[in-house]
There are 2 protein chains.
Amino acid sequence: MENGFDLDARLAADTLALGDWPLSRVLLMRNRLFPWLILVPRRAGAVEIHRLTPADQVLLTRETSAAARVLERLFQPDKINTGALGNVVSQLHMHVVARRRDDPAWPGPVWGRGLSTPYGGDELVVLADRIRTALREEITAIQEIR
Amino acid sequence: MENGFDLDARLAADTLALGDWPLSRVLLMRNRLFPWLILVPRRAGAVEIHRLTPADQVLLTRETSAAARVLERLFQPDKINTGALGNVVSQLHMHVVARRRDDPAWPGPVWGRGLSTPYGGDELVVLADRIRTALREEITAIQEIR
């Protein structure tokens, strides 16, 4: 099923890969302004959610919700923002972003603003470890409702 | 199930109601710059997708895809954008927007730009009729995969 899947070079450059869920590769944006995960279904050529198979659409929904729960647990955000735009990078990818009333883009969207600050020192590695642990716990929950 | 559901006043003011699907009220944004539907699950107090029941999450996924297909059929967009933000209006609502490379926000998001132009004359009524017809056809397709 993963034949031909290849992560877009721009997504790869902007993120750190955290692992693979049943459908999606889970990425962490290299942007300390917003806790921000990206799910990329490992389906070659996928661009639009509504062209995934119905089963894959359900998987993506479950994984998006699992990513939201991970962010809520770790960051206690005021709101989760999810979005699939793809106007710049066409490879299908779902953004899941933890938003706070005091973040620099609030209440606007995080997309299209150019607001980005890299993680410093070992901050990214430490955070990635914390998220990976939470991802593993959530994947168990996903598989239980399958 | 619809006990206590009441459409947010700002969503009501910004849109024209096109009808109700099994889960969601379907709204058309009063903005001729972008063909733009909004799905509002008729669940009182709903704010986050991941807190809907798993069954409602699947319904919302199907309805979002059906809305995307309607927009594709009627407008032949270059890309569909979907998003659930809720930073301004907390009532859960899913945006489904038909984007074109020559639209005024491309490749940025439609949200947070303040780009809005009202439909003129009977343009809104004519468009709403066209979309309603397509929505009725899509709802049949949704119900068949139930």
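The values are calculated or read from the model by the stated rules, or taken from the named source; none is laboratory data. Keep in mind the model is a prediction, meaning the values are calculated, not measured. Reconstructed Cβ throughout: ideal geometry from the backbone, glycine too, with neighbour counts over all protein chains shown. Surface accessibility is based on the protein's heavy atoms, side chains included, excluding ligands, DNA and RNA. Shrake-Rupley method; radii C 1.70, N 1.55, O 1.52, S 1.80 Å.
Computed FRET efficiency, Cβ-Cβ of B:Asp78 and A:Leu16, R0 30 Å: what is it to the nearest 0.05? Before the final figure, lay out each step's value.
Details: r = 30 Å, r/R0 = 1.00.
Calculated transfer efficiency: 0.50.
For chain A, take the longest principal axis of its alpha carbons; what is the angle in degrees between that and the long axis of helix A:54-75, to the nearest 10 within 0 to 90?
The angle comes out near 20 degrees.
Computing the accessible area with a 1.4 Å probe over protein heavy atoms, can you report the carbon and sulfur percentage for the protein assembly as shown? If you can, show how the numbers build up before the last one.
Numbers: 6590 of 13010 Å².
Here it works out to 51 percent.
Quick one: putting +1 on the C-beta of Lys and Arg, -1 on the C-beta of Asp and Glu, what dipole do you get for chain A around its Cα centre, in Debye to the nearest 20?
240
Once the dipole of chain A is set up with Lys and Arg at +1 and Asp and Glu at -1 on Cβ about the Cα centre, which of A:Pro118, A:Gly108, A:Trp36 lies farthest towards its positive end?
Of the options given, the answer is A:Gly108.
Give the calculated FRET efficiency between A:Leu7 and A:Val125 to the nearest 0.05, with a Förster radius of 22 Å applied to their Cβ-Cβ distance.
So the FRET efficiency works out to roughly 0.65.
List, by residue number, every residue in region A:58-93 with a reduction of 30 Å² or greater in accessible area between the chain on its own and the complete protein assembly, 1.4 Å probe.
For region A:58-93, once contacts with the other chains are taken into account, A:Val58, A:Thr61, A:Ser65, A:Glu72, A:Lys79, A:Asn81, A:Thr82, A:Ala84, A:Leu85, A:Asn87 lose 30 Å² or more.
For chain B, set up a Gaussian network in which alpha carbons nearer than 10 Å are linked by springs, and say which option among B:Ala12, B:Ala128, B:Ala55 fluctuates the most.
B:Ala55
Go ahead and estimate [θ] at 222 nm for chain B from helices alone: -39,500 (n - 2.57) per DSSP H run with n ≥ 4, summed, over the residue count, rounded to 500.
Details: 3 runs with 50 residues, N = 146.
Roughly -11500 deg cm²/dmol at 222 nm, from the helical runs in chain B.
What accessible area per residue, rounded to a whole number of Å², is obtained for chain B using a probe radius of 1.4 Å?
The answer is 44 Å² per residue.
Using θ = phi - 60° and the Karplus curve 6.51 cos²θ - 1.76 cosθ + 1.60, what whole-Hz ³J(HN,Hα) does each residue of region A:111-118 get, with Gly and Pro shown as x?
3J(HN,Hα) across region A:111-118, in whole Hz: 7, x, 9, x, 8, 8, 9, x.
Name the residues of region A:100-122 whose accessible area falls by at least 20 Å² when all protein chains are present instead of the chain alone, probe 1.4 Å?
Residues passing the criterion (a loss of at least 20 Å², heavy atoms only) are A:Trp106, A:Pro107, A:Pro109, A:Trp111, A:Gly112.
Report the charge-dipole magnitude of the protein assembly as shown in Debye, nearest 20, computed about the Cα centre from +1 at each Lys and Arg Cβ and -1 at each Asp and Glu Cβ.
Numbers: 38 positive and 36 negative charges, 37 e Å.
So the dipole magnitude of the protein assembly as shown works out to roughly 180 debye.
What percent do you get for the relative contact order of region A:1-97 when only Cα pairs under 8 Å and 6+ apart count? Each step should come with its number before you reach the end.
Working: 146 pairs, mean separation 28.0, N = 97.
Once normalised by length, the contact order is 29 percent.
Return the single residue from B:Thr15, B:Thr133, B:Thr53 with maximal mean-square fluctuation; model: Gaussian network over chain B, springs between Cα atoms under 10 Å.
In this elastic network of chain B, the residue with the biggest mean-square fluctuation among B:Thr15, B:Thr133, B:Thr53 is B:Thr53.
Using only the Cα atoms of chain A, what do you get for the radius of gyration and for Dmax, in Å?
Cα only, chain A: 14.6, 43 Å (Rg, Dmax).
Once A and B are treated as a pair rather than alone, how much accessible area drops out, both sides summed, in Å² to 100, probe 1.4 Å?
Chain pair A/B: roughly 2600 Å² of buried accessible area.
Nearest 10 degrees, 0 to 90: what angle lies between the long axis of helix B:123-144 and the longest principal axis of chain B (Cα atoms)?
40
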